[in-house]
Every structure is written in C-alpha cells, then in structure tokens.
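**Student:** Here it is: the structure, laid out below.
The values are calculated or read from the model by the stated rules, or taken from the named source; none is laboratory data. From a predicted model like this one, the values you see are computed outputs, not experimental measurements. Please note: Cβ atoms are built from the backbone with ideal geometry, for glycine as well, and neighbour counts cover all protein chains shown.
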Amino acid sequence: MLEACQLCYAFPPQPPLFEDVSLRIEAGEWVGLSGNSGAGKSTLGRLLAGYDEPTAGRIRIEGERFSTKGLRPVQWLPQSPELAVNPRWQVVRVLNEAWEPPEALRRAFGIKSQWLNRPVRTLSGGELQRICVLRALAPGVRYLIADEISTMLDPITQLALWQALKAEAEKRKLGVLVISHDAALLKRLCQRRYHLENARLHAAEHHQLP
Amino acid sequence: MLRIEQLSLALPYYPRFWRRRYATHLDQLSFSVAAGSVHAVVGASGAGKSLLAHTIMGLLPKGAQLGGSCFFKETPLDEPRKRALRGRELALIPQSLSALDPLARSQHQVNWAARRAGLAPASARQTVCQALAHYQLDERARRAYPHELSGGMARRVLTAMAHVTQASLVIADEPTVGLDPAQRGRVLDALAALTRQGKAVMLISHDLRHALNIADRVTVMHEGRCVETADASAFQGTGQTLKSAYARALWQALPDNAFTIDTEYARESHFA
C-alpha cells in the first residue's frame, strides 16, 4: 500500500498549495485525481513519487520509507514525454534505460520495431508517450503516477494506451494514480476518485464500473 | 468560403545527405468550409492536420511538392495570393505558444497584428481595445509579457490577434491543448463567436469530444487522407450514420461512449 499521511506543501511566500492531504493506494488499485489547473495535482503526484519533499507529512510504502536511490518503486509519468527523455538518444536506448521490455509487451503498447533505431525527436508525442510508459514498467516498480498522460492523444490511441497499461497493471498488481481533467475517463478507469480543491482532497461520488 | 480539391503534399527528406526522397503527408484531400460555420478537422497525431493548416496559409518549407487546388471565395488560392491574404483575409492561431514574441507585451502584439492587417493607427487602437475586452484580457494581462501569461490567457491573446485581422477564415490549430475545462470553454466560445460575424473557422484538434461542442461539420483525417466529412450531428448514439469504420471507431473510443475499439475497425486495421 502506498500511503500519504497529512501532506502539506507550500511554495513560499504563497499560502500552502494543500494541507493535511491523506491518500492511500492499494496494490492493484486504480485511483483517480481531478482538479482545476493550479490546484496542485501534479505537485501531489511528484510528492508521491519522491521527486519533491513535502513541507510536512510522510509517504510510506507498506509502512516503510522508500529509498530515492536506484530504481524507484513509484514512477511518475509526466504529461510531456518530450521533457522526460534525452532528445539525442535513440529510441531503443530510452526504452531500455531501466529494463528490456519483452517483444510481446512492446507489441501490446503498439511500439513498432522500426522506431527503435530512430532518434527520439522523430517520434510524435503519442508515440513517445507509449515508450515512456513502457520504460517505467520495470520489475520492482509497484506504483505509477499517470499525470495527464493521454491528454494529447486522439481517442483511439488513448484507449489503446490505457488498455495495454490496464492489462499489465492487473497482471503485476500495480497500483495506479490517474491524474486527469477528464471526468469521464476517470470514471471509466478508477473505482475510487478524488477531487483536489481549495487545498483539500474531496472524495468524488462513488461510481461502479459498468 | 474555402474549397479544397484533391490536395496532396509531399515533403522532401534525406535518408543520406546526398540523396533526396519525398514522403507523402497529405493524399488527395477534398472538403469545403462554409462561411459562418465551424469546420472541425480531427485525427490522430501525425495525420497531417497541422500541415494542412500550413499548406492553406502558404507556410510550407522550400521544396514541398503540392498537388490539387484550393479556392478561397471561389478564386484559386495560389502561393502569391496566400502571401497577400495571410494576416488579412486568412488568419492562423498557431498550436505553439512560442509563436508569441517573448519580448513584447500582449497588447502590443495584438496591435501589431492589427497594423499588419492594414488598419490605420487610430482605428487599430480602437479595434485592439475592443478585442482585448472581448476576450476578457484585463489590464494586467494586457501589460504582461508572454511568460507571465497562463496557458489559457496566451491562447486568448493569440485568438485576439487573429480576431483583429478581420480575417474571414480563421484556422485554429489545437487551441485547447493543456487547458482546464473552464478555460477551454472560454476559448471555444470565442471561436464560435467569430462565426456569428459570418466568418469561417477551421478548428484543428485531436480532441473530438470538445470539438463537437462548437463544430457544424467534421472532417476526419487518418494518415494524410480525408476519411470522411460528416455533419457534427452524425456523432451521436453509436455513430451508425457515420460511413467510415475509422470515424465510428474514433467516436466509440471516447470514454463517455463505449470506450472500446470498434470491432469492424479492429478487423480492418489488424489492431492488436
């Protein structure tokens, strides 16, 4: 279980972005997070992945702190994949940065083998996003923070990405936090959903998957 | 307003530095945009949507091979005419916010756009004031430099720049990317308002659902081809009135609809 207890975060001198935010994600569970721009969704995601330190509060996995050295058990998938890769590298080097995904998995994510030897900048945003998601699924990763990863995708590509991720997450019991503006998408993907507003986390209405 | 017939585009690339090849990016596109309407062009990234906008505006790199023809107000739109009309009769709201001059305040940029369109200084000033008020850009936003603007405000500055040119065709390239629902609504409302003055708006987007909020007609593009042009009202229910499997699949894949890959399309495209 990934657990955040009473997190506070502030960019001084501004008032705190959020206060007393607690959140848990069980292994294999999908949790949704929505909120307006600037509400602090991405900041909360980055805190959970250990990219930033909270002003107060603590984050634990199975009751323990996680090390920020080596491969992190919580991986943050950012909205703009262009900023998460080295633009001078070849695609295959980016993809194999943490592990070598098997070919079957590459196919499930719709990654074509002719991309592999091309430089990263020749891929479109949607193609690169799939590379980044698969790269983050290394063994040892147990939670994913998906921060608006399908906003720039057309409906079919978006669906294919989520289907591939859902299948893999189910197989490996990955917990996923989906951050999105798209309420309909969150309803489809997550059993439990939260809305970040006025520095607090509110539970969205419960909605069973059809 | 705008009629496109059999438009094809090939751009050169260099597999070795001494060897030139051409890759086809647009393949025999045909559709027309009526005055007073919003015409959405939707499709996946890499379908050639932005290149279509650049082709109409005459902003292609050297060496591009064009086929087919464009007509603007029933007169052929060739390269010299594109040059003469862009910024006056044709306006583009570009996808990238880096199109704003980082060293100029937003009200100056809008003013320059009005002056480029041929307005006299006095009337330009008045038009700019009206446009800035129309897009709800307050005093602080008017005096701000681009890096001080939020994404939504910068979009509205770009829209205001297209507005003051008095263009009769406005092409908006992905105007709502990265905006939250409130800001997205404001930008789309601003575009819809242009059509009420008899202008035509071509809305380029990958976001079918939100494009449908204001679109009258929709052209679906896939890999450089025009798959289907339909009324926006055809996108409802299960999309059974849509002719092409790809357009139906696009509609069915939305989270508020089936959120599944249409089986007919999956068979055609051997989708995994």
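**Student:** Anything in the range B:103-123 that is in a helix (DSSP H, G or I) and closer than 13 Å to B:Thr165 by Cα? List them, or say none.
**Tutor:** B:Gln109, B:Val110, B:Asn111, B:Trp112, B:Ala113, B:Ala114, B:Arg115, B:Arg116, B:Ser123
**Student:** Another question, then. Quickly run through the range B:232-260 and pick out the residues that are within 14 Å of another protein chain (Cβ to nearest Cβ) and part of a loop (DSSP other than H, G, I, E, B).
**Tutor:** Of everything in the range B:232-260, those that are within 14 Å of another protein chain (Cβ to nearest Cβ) and part of a loop (DSSP other than H, G, I, E, B) turn out to be B:Phe235, B:Gly239, B:Leu242, B:Ser244, B:Ala253, B:Leu254, B:Pro255, B:Asp256, B:Asn257, B:Ala258, B:Phe259, B:Thr260.
**Student:** Go through (1) within 15 Å of the chain's Cα centre (by Cα); (2) closer than 30 Å to B:Gly185 by Cα and name the single condition A:Pro16 misses.
**Tutor:** (1)
**Student:** Restricting the search to the range B:10-50, which residues are surrounded by fewer than 15 Cβ atoms within 10 Å (Cβ to Cβ), hydrophobic (A, V, I, L, M, F, W, C) and more than 14 Å from every other protein chain (Cβ to nearest Cβ)?
**Tutor:** B:Phe17, B:Trp18, B:Ala34, B:Ala35, listed by residue number.
**Student:** Which one is farthest from the other protein chains (Cβ to nearest Cβ), of the residues in the range A:94-104 that are among the hydrophobic types (A, V, I, L, M, F, W, C) and surrounded by 14 or more Cβ atoms within 10 Å (Cβ to Cβ)?
**Tutor:** Out of the qualifying residues, it is A:Ala98.
**Student:** Same structure again: Scanning for something modelled with pLDDT of 90 or more and polar (S, T, N, Q), does the range A:189-208 turn up at least one residue?
**Tutor:** no
**Student:** Before we move on, is A:Ala138 under 13 Å from the mean Cα position of the chain (by Cα), over 25 Å from B:His206 (Cα atoms) and modelled with pLDDT of 90 or more?
**Tutor:** It is false that A:Ala138 is under 13 Å from the mean Cα position of the chain (by Cα), over 25 Å from B:His206 (Cα atoms) and modelled with pLDDT of 90 or more.
**Student:** Now, a different point. Whether any residue in the range B:182-204 is within 22 Å of B:Thr55 (Cβ to Cβ), hydroxyl-bearing (Ser, Thr, Tyr) and touching a strand residue (DSSP E or B) at 6+ places or on another chain (Cβ under 8 Å) is what I want to check.
**Tutor:** Within the range B:182-204 (the criterion being within 22 Å of B:Thr55 (Cβ to Cβ), hydroxyl-bearing (Ser, Thr, Tyr) and touching a strand residue (DSSP E or B) at 6+ places or on another chain (Cβ under 8 Å)), the answer is no, since none of the residues qualifies.
**Student:** Then there is this: Taking strands (runs of 3 or more DSSP E) that do not extend beyond the range B:29-93, which have at least 2 residues that are touching a Leu at 6+ places or on another chain (Cβ under 6 Å), touching a residue at least 60 places away in the same chain (Cβ under 8 Å) and not aliphatic (A, V, I, L, M)?
**Tutor:** Fully inside the range B:29-93 and qualifying: B:65-72.
**Student:** Mind checking whether some residue in the range B:140-148 is out of contact with any His (no Cβ under 9 Å at 6 or more places or on another chain), of a type in the set (Gly, Ala, Ser) and without any contact (Cβ under 8 Å) to a residue 24 or more places away in the chain?
**Tutor:** no
**Student:** Which of the strands (runs of 3 or more DSSP E) contained wholly in the range B:131-230 include at least 1 residues that are within 14 Å of another protein chain (Cβ to nearest Cβ) and among the aliphatic types (A, V, I, L, M)?
**Tutor:** B:200-205, B:217-222
**Student:** Give the residues of the range B:221-269 that are on the phi > 0 side of the Ramachandran plot and over 25 Å from the mean Cα position of the chain (by Cα), sorted by residue number.
**Tutor:** If the condition is that a residue be on the phi > 0 side of the Ramachandran plot and over 25 Å from the mean Cα position of the chain (by Cα), then B:Gly237, B:Phe259 are the ones that fit.
**Student:** Here's something else I'd like to know. Would you call A:Asp154 acidic (Asp, Glu), modelled with pLDDT of 85 or more, touching a strand residue (DSSP E or B) at 6+ places or on another chain (Cβ under 6 Å) and closer than 23 Å to B:Asp180 by Cα?
**Tutor:** no
**Student:** Just for strands (runs of 3 or more DSSP E) wholly inside the range A:18-71: which have at least 1 residues that are under 20 Å from A:His181 (Cα atoms), touching a Cys at 6+ places or on another chain (Cβ under 8 Å) and within 14 Å of chain B (Cβ to nearest Cβ)?
**Tutor:** Because the criterion is at least 1 residues that are under 20 Å from A:His181 (Cα atoms), touching a Cys at 6+ places or on another chain (Cβ under 8 Å) and within 14 Å of chain B (Cβ to nearest Cβ), the strands (runs of 3 or more DSSP E) in the range A:18-71 that meet it are A:30-35.
**Student:** Could you tell me whether the range A:9-21 includes any residue that is β-branched (Val, Ile, Thr), surrounded by 14 or more Cβ atoms within 10 Å (Cβ to Cβ) and touching a residue at least 60 places away in the same chain (Cβ under 8 Å)?
**Tutor:** Yes, the conditions are met somewhere in the range A:9-21.
**Student:** Let me ask something else. Please find, within the range A:22-69, the residue that is farthest from A:Ala4 (Cα to Cα) out of those that are surrounded by fewer than 20 Cβ atoms within 10 Å (Cβ to Cβ) and of a type in the set (Lys, Arg).
**Tutor:** A:Lys69
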